[in-house]
Amino acid sequence: MKPIQVLAVTGGKGGVGKTNVSVNLSLALAAAGKRVILMDADLGLANVDIQLGLKADKTLAQVLNGECMLRDILLTAPGGVKVIPAASGVQSLTQLGPRAHAGLIQAFSDLDDQLDVLVIDTAAGISESVVSFVRAAQEVMVVVCDEPSSITDSYALVKLLNRDYGLTHFRVLANMTRSPEEGRNLFQKFVKVAERFLDVTLQYAGDIPWDESVRKSAQRQRAAIEAYPASKCAIAYRQLAEHVCQWPVSRQASGRLEFFVERLLQSEAAHLETVPNAG
């Protein structure tokens, strides 16, 4: 069975453009010939469908209730990207019983033959759902921008994932940069702190320049790469997609989608055990 790339897009704080990155990268990957599913994993503040001008009639909540199949809730975005809308009614996967766990694994394994890349747009911060989705993914891309709080919060996220859960490899994307040099400097600043105190390897994923067309496209509820294909950020997203296509993909069992879901549920259970007075 063909391996699937699972990429979690995350960031220590809100306002760094994480969802914009997830949406535009997904469309760029689709344009590069990949079959892409974009999962809105922000269980509290779903906004992927809004950014793309899509209307979700059903979400993961209905799938977990057994009301429909996962493929029934998929929305189609420009470029053929499929979107899994967030289940705003499900605050935590830890609340699911064994039957729902099995149903979730089955639901995702049904999609195995439909995609090459699963992009997960996580919530901001370091909540248990963020930790679970990030731990289950093969690749973790941390989005940072040139603000002290972005660096601080991203470091806190990487520290938590490294010290408590053993994650050692992260890719860092500099967003809303004024120049390529600013992006590089931002990455070096992050590396200097993280690699000094943590046992991690950070790789630079590149930078996305600050671009007025991002704001304009958001107002139109469209992705910048689709609304303004010649813009600076659209060009950068296409370059990022080329890089992502070259990242190695696991050909082991862990490269299959149901293993992603099993890891997701295992990490939820492990996280629950570490929380005092949980359950």
Q. Can you name the condition, by its number, that Val172 falls short on among (1) over 16 Å from Val9 (Cα atoms); (2) under 18 Å from the mean Cα position of the chain (by Cα)?
A. (1)
(Q) Going by what's in this entry, would Thr168 be described as touching a helix residue (DSSP H, G or I) at 6+ places or on another chain (Cβ under 6 Å) and either over 21 Å from Ala123 (Cβ atoms) or among the basic types (Lys, Arg) (or both)? (A) no
Q: Would you be able to say whether some residue in segment 217-231 is over 21 Å from Ala123 (Cβ atoms), of a type in the set (Lys, Arg) and modelled with pLDDT of 95 or more?
A: no
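Look at segment 159-176 and say how many of its residues are surrounded by 22 or more Cβ atoms within 10 Å (Cβ to Cβ) and either on the phi > 0 side of the Ramachandran plot or touching a Leu at 6+ places or on another chain (Cβ under 8 Å) (or both).
6
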Q. Does Asp207 meet the test of being surrounded by 17 or more Cβ atoms within 10 Å (Cβ to Cβ) and farther than 21 Å from Thr122 by Cα?
A. no
Q) Looking only at strands (runs of 3 or more DSSP E) that fall completely inside segment 96-185, which ones have 1 or more residues that are among the aromatic types (Phe, Trp, Tyr)? A) 169-177
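Out of Val193, Val214, I need the residue that is aliphatic (A, V, I, L, M), touching a residue at least 12 places away in the same chain (Cβ under 8 Å) and surrounded by fewer than 19 Cβ atoms within 10 Å (Cβ to Cβ). Which one?
Val193
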Q. Checking Gly33 against (1) under 22 Å from Trp210 (Cα atoms); (2) free of Cβ contacts under 8 Å to residues at least 12 places away in the same chain, which test does it fail?
A. (1)
Q: Only residues in segment 121-140 that are closer than 17 Å to Leu104 by Cα and among the hydroxyl-bearing types (Ser, Thr, Tyr) count as the first member; pair them with residues that are modelled with pLDDT of 80 or more and part of a loop (DSSP other than H, G, I, E, B), Cβ under 7 angstrom, at least 6 apart or cross-chain, and list the lot.
A: Ser129/Ala123
Q) So which of Val200, Val193 is modelled with pLDDT of 95 or more, at negative phi and among the hydrophobic types (A, V, I, L, M, F, W, C)? A) Val200
Q) For segment 35-74, list the helices (runs of 4 or more DSSP H) that sit wholly inside it and hold at least 3 residues that are more than 19 Å from the chain's Cα centre (by Cα) and surrounded by 13 or more Cβ atoms within 10 Å (Cβ to Cβ); which are they? A) 60-64
Q) Under the condition of being at pLDDT 85 or above and among the small types (Gly, Ala, Ser), which residue from segment 75-94 is surrounded by the fewest Cβ atoms within 10 Å (Cβ to Cβ)? A) Gly80
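The values are calculated or read from the model by the stated rules, or taken from the named source; none is laboratory data. Given the structure is predicted, the values throughout are model-derived calculations rather than measurements. No Cβ is skipped: glycine too gets one built from the backbone with ideal geometry, and neighbour counts run over all protein chains shown.
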